[in-house]
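Below is one structure, written out as structure tokens; the observations come after it.
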Amino acid sequence: MRVLNYLYVIAFTAFISCEKSTDSGAAAANTVGAGGSLSRFTIAGNYLYAVSSHYLYAVDISNPALPKKVSESPLNFDMETIYPYKNRLYVGSRTGLYVYSIDTPDKPVLIGEAKHGRSCDPVVANDTASYSTLKGSSVCGPATSGLYVYDVKNVNNPLLKKTILIDEPIGLGIADSALYVCAAAGGLKVFSIKDAYDPAIRQTLTGANFVDLIPYGDVLICWVAEGIRLYDISNRLQPVFVKQVAN
């Protein structure tokens, strides 16, 4: 848990750094916080969004000293993770992928969903596709473990395009045309997503038990069971190990 908190501190620090370098309120409105795919909260513009098992919260942080909860949406499904992309929130739950519009940032609105078998479900997305890892287990549910690829060009109707079987998939992240998928003791899998709906495996990095990650510029911050691993991803498909920080 200490490592997870450290990752969140990095993510929030990155957000604050972006805010300090912003010269206008309009630019600030486009700020998105960096976070791992297992995160239950994220920052977009002047709002922090968080999910509990059955609620989605919007918190106005335009004045960081006086955060104000502005909406609380009751939900009927087990929310687990949240990922921001442009004016959308992609929410993973144990029963499906849900897409929320934040065109009105203080009142997220559900605009699309895709159901799946009961499972743990982190999610990331770009303009055309979203990627989820489902892990079937006695805890998460009976779904087939793997990487699930959705067409989200029409966010009102996400379509499952492909499933790639992976044992023990957990967190994942996107950097340009690269997709990184944590597979616990099975390593860190590096995919090319030049074809958004047909990820092609390029390599698997080993040497640690990979849990989650944050692509941040040319650095890949990996949460591993043993601590934190840093990789240089200036070549997106060829991560180069830099150092490990032990727990």
Legend entry - For Ile61: the one exception among (1) under 17 Å from Pro158 (Cα atoms); (2) free of Cβ contacts under 8 Å to residues at least 24 places away in the same chain: (1)
Inset, instruction - Scan the stretch 229-247 residue by residue and report those that are in a strand (DSSP E or B) and either farther than 20 Å from Gly186 by Cβ or at pLDDT 95 or above (or both). - result: Arg229, Leu230, Tyr231, Asp232, Val240, Phe241, Val242, Lys243, Val245, Ala246
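Residue-wise test of (1) of a type in the set (A, V, I, L, M, F, W, C); (2) assigned to a strand (DSSP E or B); (3) more than 15 Å from the chain's Cα centre (by Cα).
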| residue | (1), (2), (3) |
| --- | --- |
| Thr144 | no, no, yes |
| Asn154 | no, no, yes |
| Lys161 | no, yes, yes |
| Tyr180 | no, yes, no |
| Tyr197 | no, no, yes |
| Ile221 | yes, yes, no |
Inset, instruction - Please state which of the following conditions Leu147 fails to meet, knowing it meets all the rest: (1) touching a Leu at 6+ places or on another chain (Cβ under 8 Å); (2) surrounded by fewer than 20 Cβ atoms within 10 Å (Cβ to Cβ); (3) in contact (Cβ under 8 Å) with a residue 40 or more places away in the chain. - result: (2)
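So that you can scan it fast, the table gives a plain yes or no per residue for (1) in contact (Cβ under 8 Å) with a residue 40 or more places away in the chain; (2) touching a strand residue (DSSP E or B) at 6+ places or on another chain (Cβ under 6 Å); (3) more than 21 Å from Val91 (Cα to Cα):
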position: Lys161; (1), (2), (3): no, yes, no
position: Ala185; (1), (2), (3): no, no, yes
position: Ala196; (1), (2), (3): yes, yes, no
position: Arg229; (1), (2), (3): no, yes, yes
position: Ala246; (1), (2), (3): no, yes, yes
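The values are calculated or read from the model by the stated rules, or taken from the named source; none is laboratory data. Bear in mind that the values here come from a model prediction, so they are computed numbers and not experimental data. No Cβ is skipped: glycine too gets one built from the backbone with ideal geometry, and neighbour counts run over all protein chains shown.
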